[in-house]
1. When you go through THR165, THR131, THR161, THR77 one by one, which is the residue that is touching a Ser or Thr at 6+ places or on another chain (Cβ under 7 Å) and either surrounded by fewer than 19 Cβ atoms within 10 Å (Cβ to Cβ) or among the polar types (S, T, N, Q) (or both)?
2. Return the pair list, or none, for Cβ contacts closer than 9 Å from residues in segment 44-56 that are in the same structural domain as TYR90 (by TED's automatic domain parsing) to residues that are polar (S, T, N, Q) and outside any loop (DSSP other than H, G, I, E, B), at least 6 apart or on different chains.
3. In the set ASP152, ASP174, ASP133, which member is in contact with a helix residue (DSSP H, G or I) (Cβ under 8 Å, 6 or more places away or on another chain), more than 22 Å from LEU264 (Cβ to Cβ) and acidic (Asp, Glu)?
4. Need a quick list: strands (runs of 3 or more DSSP E) entirely within segment 128-221 having at least 1 residues that are at pLDDT below 85.
5. Tell me which residues, restricted to segment 19-43, are in contact (Cβ under 8 Å) with a residue 40 or more places away in the chain and of a type in the set (Ser, Thr, Tyr).
6. Can you tell me which residue in segment 68-107 is nearest to the chain's Cα centre (by Cα), limited to those that are at pLDDT below 75 and hydrophobic (A, V, I, L, M, F, W, C)?
7. Is it true that ILE125 is in a helix (DSSP H, G or I), touching a residue at least 40 places away in the same chain (Cβ under 8 Å) and under 21 Å from PRO59 (Cβ atoms)?
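The values are calculated or read from the model by the stated rules, or taken from the named source; none is laboratory data. Just so it is clear, the model here is predicted, and its values are computed rather than measured. FYI the Cβ positions are ideal-geometry reconstructions off the backbone, even for glycines, and counts take in every protein chain you see.
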Amino acid sequence: MLYVDSLIEQLRSQFEIVAKEVSYFLGLEIKRNEGDITVCQSAYIRKIISRFNMEGCKPVLTPIERLPSVQEPGKATDFPYRSAVGALLYVARGTRFDIAFSVNVLSRHLENPSYEDVTRVKRVIRYLAGTIDLKLVYKCKPETRLLECYSDADFAGCPTTMRSTSGTIVKYADAAISWFSRRQELVADSTCEAELIAANLGSKEIIWLSRLFKELIGLNAIPILRIDNESAKKLSENPEFHFRTKHIQRKHLFIRDRIKTGMLAVEHIGTESQLADLLTKPTPRPRLQTLRERLGLC
(Lines give C-alpha, C1' and ligand atoms only; values in the text may rest on other atoms or scores of the structure.)
Protein backbone atom coordinates (compact mmCIF):
# COMPACT_ATOMS: atom_id res chain seq x y z
CA MET A 1 0.00 0.00 0.00
CA LEU A 2 2.88 2.37 0.67
CA TYR A 3 4.01 1.98 -2.93
CA VAL A 4 0.48 2.63 -4.18
CA ASP A 5 0.13 5.74 -2.01
CA SER A 6 3.48 7.03 -3.25
CA LEU A 7 2.47 6.45 -6.87
CA ILE A 8 -0.82 8.29 -6.36
CA GLU A 9 0.99 11.26 -4.84
CA GLN A 10 3.38 11.42 -7.79
CA LEU A 11 0.48 11.34 -10.23
CA ARG A 12 -1.40 13.99 -8.26
CA SER A 13 1.63 16.29 -8.45
CA GLN A 14 1.49 16.16 -12.26
CA PHE A 15 -2.20 15.68 -13.07
CA GLU A 16 -5.63 16.36 -11.65
CA ILE A 17 -6.80 12.95 -10.51
CA VAL A 18 -9.46 11.47 -8.27
CA ALA A 19 -8.22 8.61 -6.09
CA LYS A 20 -10.98 6.39 -4.69
CA GLU A 21 -12.18 2.78 -4.79
CA VAL A 22 -13.10 1.84 -8.33
CA SER A 23 -16.82 1.44 -9.05
CA TYR A 24 -17.12 2.13 -12.78
CA PHE A 25 -14.44 1.75 -15.42
CA LEU A 26 -14.91 1.77 -19.22
CA GLY A 27 -18.43 0.40 -18.99
CA LEU A 28 -17.58 -2.14 -16.29
CA GLU A 29 -19.52 -1.85 -13.01
CA ILE A 30 -17.37 -3.10 -10.13
CA LYS A 31 -18.54 -3.74 -6.57
CA ARG A 32 -17.00 -5.29 -3.44
CA ASN A 33 -18.96 -7.34 -0.95
CA GLU A 34 -17.15 -8.86 2.03
CA GLY A 35 -14.05 -9.54 -0.05
CA ASP A 36 -15.89 -10.86 -3.09
CA ILE A 37 -15.84 -8.78 -6.27
CA THR A 38 -18.70 -8.54 -8.79
CA VAL A 39 -18.31 -7.16 -12.30
CA CYS A 40 -21.09 -6.51 -14.79
CA GLN A 41 -22.07 -4.28 -17.72
CA SER A 42 -25.75 -3.72 -16.99
CA ALA A 43 -25.68 0.03 -17.70
CA TYR A 44 -23.80 -0.47 -20.98
CA ILE A 45 -26.26 -3.18 -22.08
CA ARG A 46 -29.18 -0.83 -21.37
CA LYS A 47 -27.53 1.75 -23.62
CA ILE A 48 -27.26 -0.84 -26.40
CA ILE A 49 -30.93 -1.76 -26.05
CA SER A 50 -31.91 1.91 -26.25
CA ARG A 51 -29.45 2.74 -29.05
CA PHE A 52 -30.91 0.11 -31.37
CA ASN A 53 -34.54 0.78 -30.41
CA MET A 54 -35.06 -2.56 -28.67
CA GLU A 55 -36.82 -1.27 -25.53
CA GLY A 56 -39.70 -3.50 -24.61
CA CYS A 57 -38.40 -6.38 -26.73
CA LYS A 58 -39.39 -9.92 -25.79
CA PRO A 59 -36.44 -11.66 -24.06
CA VAL A 60 -35.15 -15.03 -25.26
CA LEU A 61 -33.35 -17.74 -23.30
CA THR A 62 -30.41 -18.41 -25.68
CA PRO A 63 -28.34 -15.99 -27.79
CA ILE A 64 -28.26 -18.24 -30.86
CA GLU A 65 -30.23 -21.30 -31.93
CA ARG A 66 -28.40 -22.72 -34.93
CA LEU A 67 -25.84 -21.80 -37.54
CA PRO A 68 -26.95 -20.76 -41.05
CA SER A 69 -26.31 -23.54 -43.58
CA VAL A 70 -25.46 -21.05 -46.32
CA GLN A 71 -24.99 -17.29 -46.36
CA GLU A 72 -28.04 -15.63 -47.87
CA PRO A 73 -27.38 -12.83 -50.39
CA GLY A 74 -27.24 -9.46 -48.72
CA LYS A 75 -30.10 -7.02 -49.12
CA ALA A 76 -30.38 -3.33 -48.43
CA THR A 77 -31.30 -2.67 -44.81
CA ASP A 78 -31.40 0.42 -42.65
CA PHE A 79 -30.27 -1.44 -39.54
CA PRO A 80 -26.69 -0.46 -38.47
CA TYR A 81 -25.46 -4.05 -38.42
CA ARG A 82 -21.74 -3.32 -38.14
CA SER A 83 -22.26 -0.90 -35.23
CA ALA A 84 -24.47 -3.41 -33.42
CA VAL A 85 -21.92 -6.20 -33.77
CA GLY A 86 -19.18 -3.86 -32.53
CA ALA A 87 -21.21 -2.96 -29.45
CA LEU A 88 -21.96 -6.61 -28.71
CA LEU A 89 -18.31 -7.47 -29.17
CA TYR A 90 -17.38 -5.10 -26.36
CA VAL A 91 -19.90 -6.80 -24.06
CA ALA A 92 -18.65 -10.25 -25.07
CA ARG A 93 -15.06 -9.30 -24.28
CA GLY A 94 -15.89 -7.49 -21.05
CA THR A 95 -18.03 -9.81 -18.95
CA ARG A 96 -20.44 -11.83 -21.09
CA PHE A 97 -18.59 -14.87 -22.38
CA ASP A 98 -21.99 -16.49 -22.94
CA ILE A 99 -22.46 -14.44 -26.14
CA ALA A 100 -18.86 -14.77 -27.38
CA PHE A 101 -19.64 -17.56 -29.85
CA SER A 102 -22.74 -15.77 -31.14
CA VAL A 103 -20.80 -12.55 -31.75
CA ASN A 104 -18.05 -14.55 -33.48
CA VAL A 105 -20.66 -15.91 -35.91
CA LEU A 106 -22.21 -12.47 -36.46
CA SER A 107 -18.78 -10.99 -37.21
CA ARG A 108 -18.41 -13.27 -40.24
CA HIS A 109 -21.15 -11.37 -42.10
CA LEU A 110 -20.18 -7.73 -41.69
CA GLU A 111 -20.18 -7.16 -45.44
CA ASN A 112 -23.68 -7.07 -47.00
CA PRO A 113 -25.58 -8.59 -44.08
CA SER A 114 -28.95 -10.16 -44.89
CA TYR A 115 -32.23 -9.71 -43.06
CA GLU A 116 -31.56 -13.05 -41.39
CA ASP A 117 -28.24 -11.69 -40.06
CA VAL A 118 -30.05 -8.66 -38.63
CA THR A 119 -32.55 -11.00 -36.97
CA ARG A 120 -29.67 -12.88 -35.34
CA VAL A 121 -28.16 -9.64 -34.01
CA LYS A 122 -31.50 -8.65 -32.54
CA ARG A 123 -31.80 -12.08 -30.94
CA VAL A 124 -28.52 -11.55 -29.06
CA ILE A 125 -29.78 -8.16 -27.84
CA ARG A 126 -33.05 -9.79 -26.74
CA TYR A 127 -31.03 -12.40 -24.86
CA LEU A 128 -29.04 -9.68 -23.09
CA ALA A 129 -32.26 -7.86 -22.24
CA GLY A 130 -33.47 -10.95 -20.41
CA THR A 131 -30.16 -11.54 -18.59
CA ILE A 132 -29.14 -7.93 -18.03
CA ASP A 133 -28.38 -8.38 -14.32
CA LEU A 134 -25.95 -11.30 -14.65
CA LYS A 135 -22.64 -10.57 -12.91
CA LEU A 136 -19.26 -12.21 -12.73
CA VAL A 137 -18.62 -13.04 -9.07
CA TYR A 138 -15.00 -13.53 -7.96
CA LYS A 139 -14.64 -15.25 -4.59
CA CYS A 140 -12.03 -14.22 -2.04
CA LYS A 141 -10.54 -17.63 -1.15
CA PRO A 142 -6.81 -18.37 -0.69
CA GLU A 143 -7.28 -21.90 -2.04
CA THR A 144 -8.47 -20.59 -5.41
CA ARG A 145 -5.04 -19.23 -6.40
CA LEU A 146 -4.94 -21.63 -9.32
CA LEU A 147 -5.38 -20.93 -13.01
CA GLU A 148 -7.72 -23.41 -14.68
CA CYS A 149 -7.97 -23.35 -18.45
CA TYR A 150 -10.54 -25.19 -20.54
CA SER A 151 -10.15 -25.61 -24.30
CA ASP A 152 -12.59 -27.19 -26.71
CA ALA A 153 -13.30 -27.41 -30.44
CA ASP A 154 -16.40 -28.04 -32.51
CA PHE A 155 -15.13 -30.24 -35.35
CA ALA A 156 -16.11 -28.84 -38.80
CA GLY A 157 -18.73 -26.68 -37.14
CA CYS A 158 -18.81 -23.96 -39.81
CA PRO A 159 -21.18 -25.23 -42.53
CA THR A 160 -19.81 -22.91 -45.22
CA THR A 161 -16.07 -23.47 -44.77
CA MET A 162 -16.05 -26.77 -42.80
CA ARG A 163 -13.56 -25.19 -40.41
CA SER A 164 -13.72 -25.92 -36.69
CA THR A 165 -14.23 -23.37 -33.94
CA SER A 166 -11.81 -23.11 -31.01
CA GLY A 167 -13.00 -22.05 -27.59
CA THR A 168 -10.82 -21.25 -24.59
CA ILE A 169 -11.79 -19.98 -21.15
CA VAL A 170 -9.58 -19.41 -18.10
CA LYS A 171 -11.01 -19.53 -14.59
CA TYR A 172 -9.63 -17.97 -11.42
CA ALA A 173 -11.27 -17.28 -8.04
CA ASP A 174 -14.33 -19.31 -9.10
CA ALA A 175 -15.08 -17.17 -12.17
CA ALA A 176 -13.89 -16.65 -15.73
CA ILE A 177 -11.15 -14.08 -16.28
CA SER A 178 -10.24 -14.64 -19.94
CA TRP A 179 -11.98 -16.26 -22.91
CA PHE A 180 -12.26 -16.28 -26.68
CA SER A 181 -14.19 -18.04 -29.43
CA ARG A 182 -12.38 -18.21 -32.77
CA ARG A 183 -12.83 -20.03 -36.06
CA GLN A 184 -9.69 -21.98 -36.89
CA GLU A 185 -7.46 -20.90 -39.77
CA LEU A 186 -7.49 -24.23 -41.60
CA VAL A 187 -9.72 -27.25 -42.08
CA ALA A 188 -8.88 -29.91 -39.51
CA ASP A 189 -8.62 -33.50 -40.74
CA SER A 190 -9.96 -35.03 -37.53
CA THR A 191 -11.47 -34.24 -34.17
CA CYS A 192 -8.06 -34.86 -32.61
CA GLU A 193 -6.42 -32.23 -34.81
CA ALA A 194 -9.17 -29.69 -34.14
CA GLU A 195 -8.88 -30.26 -30.39
CA LEU A 196 -5.08 -30.01 -30.53
CA ILE A 197 -5.25 -26.67 -32.34
CA ALA A 198 -7.65 -25.39 -29.67
CA ALA A 199 -5.43 -26.72 -26.88
CA ASN A 200 -2.42 -25.00 -28.41
CA LEU A 201 -4.22 -21.64 -28.33
CA GLY A 202 -5.34 -22.32 -24.78
CA SER A 203 -1.80 -23.09 -23.66
CA LYS A 204 -0.56 -19.74 -24.98
CA GLU A 205 -3.30 -17.90 -23.11
CA ILE A 206 -2.70 -19.64 -19.80
CA ILE A 207 1.10 -19.26 -20.01
CA TRP A 208 0.75 -15.52 -20.54
CA LEU A 209 -1.70 -15.22 -17.63
CA SER A 210 0.49 -17.32 -15.33
CA ARG A 211 3.43 -14.97 -15.95
CA LEU A 212 1.23 -11.98 -15.14
CA PHE A 213 -0.19 -13.54 -11.97
CA LYS A 214 3.24 -14.60 -10.69
CA GLU A 215 4.32 -10.96 -10.82
CA LEU A 216 1.18 -9.79 -9.00
CA ILE A 217 0.21 -12.34 -6.34
CA GLY A 218 1.79 -15.70 -7.14
CA LEU A 219 0.10 -19.04 -7.84
CA ASN A 220 -0.41 -22.14 -5.72
CA ALA A 221 0.35 -24.66 -8.45
CA ILE A 222 1.19 -25.17 -12.11
CA PRO A 223 -1.64 -23.95 -14.37
CA ILE A 224 -3.91 -26.73 -15.63
CA LEU A 225 -5.26 -27.05 -19.17
CA ARG A 226 -8.33 -29.29 -19.34
CA ILE A 227 -9.42 -30.91 -22.62
CA ASP A 228 -12.04 -33.55 -23.32
CA ASN A 229 -10.27 -35.43 -26.13
CA GLU A 230 -7.99 -38.24 -24.99
CA SER A 231 -6.11 -38.46 -28.30
CA ALA A 232 -5.32 -34.74 -28.29
CA LYS A 233 -4.07 -35.02 -24.73
CA LYS A 234 -1.72 -37.89 -25.60
CA LEU A 235 -0.47 -36.13 -28.71
CA SER A 236 0.25 -32.98 -26.71
CA GLU A 237 2.43 -34.98 -24.32
CA ASN A 238 4.37 -37.26 -26.71
CA PRO A 239 4.80 -38.01 -30.46
CA GLU A 240 3.54 -41.60 -30.39
CA PHE A 241 0.96 -40.99 -33.12
CA HIS A 242 3.46 -39.52 -35.58
CA PHE A 243 2.45 -41.63 -38.61
CA ARG A 244 -1.19 -40.62 -38.43
CA THR A 245 -0.55 -37.01 -37.43
CA LYS A 246 2.57 -36.02 -39.36
CA HIS A 247 0.56 -33.55 -41.46
CA ILE A 248 -0.18 -31.38 -38.39
CA GLN A 249 1.79 -28.13 -38.53
CA ARG A 250 4.60 -27.71 -36.03
CA LYS A 251 3.16 -24.54 -34.57
CA HIS A 252 0.24 -26.55 -33.22
CA LEU A 253 2.67 -28.65 -31.15
CA PHE A 254 3.84 -25.63 -29.16
CA ILE A 255 2.00 -27.11 -26.18
CA ARG A 256 4.20 -30.24 -26.13
CA ASP A 257 7.38 -28.34 -25.31
CA ARG A 258 5.65 -26.28 -22.61
CA ILE A 259 4.42 -29.42 -20.89
CA LYS A 260 7.93 -30.90 -20.90
CA THR A 261 9.38 -27.77 -19.33
CA GLY A 262 6.74 -27.82 -16.58
CA MET A 263 5.06 -24.56 -17.54
CA LEU A 264 1.61 -26.18 -17.53
CA ALA A 265 -0.12 -29.51 -17.03
CA VAL A 266 -2.79 -31.13 -19.22
CA GLU A 267 -5.73 -33.01 -17.77
CA HIS A 268 -8.41 -35.05 -19.52
CA ILE A 269 -12.01 -34.40 -18.48
CA GLY A 270 -15.41 -35.68 -19.54
CA THR A 271 -17.53 -33.82 -22.05
CA GLU A 272 -20.04 -32.79 -19.38
CA SER A 273 -17.23 -31.11 -17.42
CA GLN A 274 -15.95 -29.15 -20.43
CA LEU A 275 -16.74 -25.54 -19.50
CA ALA A 276 -15.53 -24.14 -22.84
CA ASP A 277 -18.36 -25.94 -24.64
CA LEU A 278 -20.50 -22.81 -24.90
CA LEU A 279 -17.72 -21.04 -26.86
CA THR A 280 -17.75 -23.49 -29.77
CA LYS A 281 -21.38 -24.10 -30.74
CA PRO A 282 -25.01 -23.09 -30.06
CA THR A 283 -25.81 -24.35 -26.56
CA PRO A 284 -29.24 -25.53 -25.34
CA ARG A 285 -30.78 -23.51 -22.50
CA PRO A 286 -30.25 -25.99 -19.60
CA ARG A 287 -26.62 -26.58 -20.57
CA LEU A 288 -26.04 -22.84 -21.06
CA GLN A 289 -27.39 -22.01 -17.61
CA THR A 290 -25.26 -24.70 -15.98
CA LEU A 291 -22.07 -23.52 -17.66
CA ARG A 292 -22.78 -19.89 -16.85
CA GLU A 293 -23.12 -20.68 -13.16
CA ARG A 294 -20.03 -22.89 -13.05
CA LEU A 295 -18.03 -20.07 -14.64
CA GLY A 296 -19.18 -17.50 -12.09
CA LEU A 297 -21.80 -15.63 -14.14
CA CYS A 298 -24.67 -15.49 -11.65
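1. After applying the criteria, what remains is THR165.
2. ARG51/SER83; PHE52/SER83
3. Step by step, each of ASP152, ASP174, ASP133 is checked, and only ASP133 is in contact with a helix residue (DSSP H, G or I) (Cβ under 8 Å, 6 or more places away or on another chain), more than 22 Å from LEU264 (Cβ to Cβ) and acidic (Asp, Glu).
4. Passing ranges: none, list empty.
5. THR38, SER42
6. Among those that are at pLDDT below 75 and hydrophobic (A, V, I, L, M, F, W, C), it is VAL70.
7. yes
Here is a yes/no grid of residues against (1) in the same structural domain as ALA221 (by TED's automatic domain parsing); (2) closer than 30 Å to SER83 by Cβ:
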residue	(1), (2)
GLU116	no, yes
GLU148	yes, no
MET162	yes, no
ALA176	yes, yes
GLY202	yes, no
